[in-house]
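Let me begin by presenting the structure, written as structure tokens, before commenting on it.
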Amino acid sequence: VISGLVSALYNIVDQIFIGRSVGLLGNGATNVAFPIVTFSLALALLLGVGSASNFSLESGRGDKEKAMHIAGNGLAALVISGITLCILVVTFLQPFLHLFGATEDNLSYALSYTGITAIGIPFFIFGTGGSHLIRADGSPKYSMVSIASGAVLNCFLDPLFIFGFDMGIRGAALATIVGQILSA
């Protein structure tokens, strides 16, 4: 539940500060990028929850070696899928944004925001999916702290980058990936 709330918090905080600095076109640009975030989250949950479930089953059976093998494969799948999705999004960024509803008015903002946040996709997928494996290994507090720390950092960096360094929507995107890197 906390992982889902934290994922939403990144978007909510970005929406608040982008709306105050850039305005409606900036909010529209982040909304156009949201399907990519949703797909990334779905992929992270698919691999993270699936790996954690199998890890727990094998741990419960007493087969620690197989459990560690599953955890390693799960983490590798998170890394590979994150990098693959990042490359796909960066390569086909403009067609994706048009598909998701970008207009000529907000396309430049959407390209700036999503082009930067795409770099954070591997970290987002690894951090979100990996937190389920951490929890399955018996460290739910560590899992929660790792996920929440990135979101809290994003809350502080958003206004600093957007207003303090006058980076606008690019600052919000940069704050987001710094938070995702910390969580990962």
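The values are calculated or read from the model by the stated rules, or taken from the named source; none is laboratory data. Everything numeric in this text was worked out from a predicted model, so none of it was measured. Using ideal geometry, Cβ is built from the backbone for each residue, glycine included, and neighbour counts are taken over all protein chains shown. When the accessible area is computed, the model is the full protein with side chains, heavy atoms only, and any ligands, DNA or RNA have been set aside. Shrake-Rupley method; radii C 1.70, N 1.55, O 1.52, S 1.80 Å.
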Original post:
Residue check: is Ala71 more than 26 Å from Phe156 (Cβ to Cβ), part of a helix (DSSP H, G or I) and free of Cβ contacts under 8 Å to residues at least 12 places away in the same chain?
Top reply: no
**OP:** For the range 47-57, enumerate the residues that are in contact with a Gly (Cβ under 9 Å, 6 or more places away or on another chain) and in contact (Cβ under 8 Å) with a residue 60 or more places away in the chain.
**Re:** Leu47, Gly48, Val49, Ser51, Ala52, Phe55
Original post:
Out of Ser40, Ser53, Ser21, Ser59, which single residue is surrounded by fewer than 16 Cβ atoms within 10 Å (Cβ to Cβ) and among the hydroxyl-bearing types (Ser, Thr, Tyr)?
Top reply: Ser53
Original post:
If we scan the range 136-146, do we find a residue that is of a type in the set (A, V, I, L, M) and under 10 Å from the mean Cα position of the chain (by Cα)?
Top reply: no
Original post:
Being without any contact (Cβ under 8 Å) to a residue 40 or more places away in the chain, in contact with a Gly (Cβ under 6 Å, 6 or more places away or on another chain), under 23 Å from Ala172 (Cβ atoms) and not aliphatic (A, V, I, L, M), is that true of even one residue in the range 27-40?
Top reply: yes
Original post:
Identify, please: which residue in the range 24-37 is closer than 30 Å to Ala71 by Cβ and open to solvent by 40 Å² or more (accessible area, probe 1.4 Å) and is, among those, farthest from the chain's Cα centre (by Cα)?
Top reply: Pro35
**OP:** Kindly provide the set of residues from the range 77-110 that are in a helix (DSSP H, G or I), over 17 Å from the mean Cα position of the chain (by Cα) and surrounded by fewer than 18 Cβ atoms within 10 Å (Cβ to Cβ), ordered by number.
**Re:** Thr91, Gln94, Pro95, His98, Leu99, Leu107, Ser108
Subject >> Considering residues of the range 2-18 that are β-branched (Val, Ile, Thr) and surrounded by fewer than 19 Cβ atoms within 10 Å (Cβ to Cβ) only, the residue farthest from Ala42 (Cα to Cα) >> reply: Ile16
Original post:
Which of the residues belonging to the range 130-184 are among the polar types (S, T, N, Q) and either surrounded by fewer than 23 Cβ atoms within 10 Å (Cβ to Cβ) or touching a His at 6+ places or on another chain (Cβ under 8 Å) (or both)?
Top reply: Ser139, Ser143, Ser146, Ser149
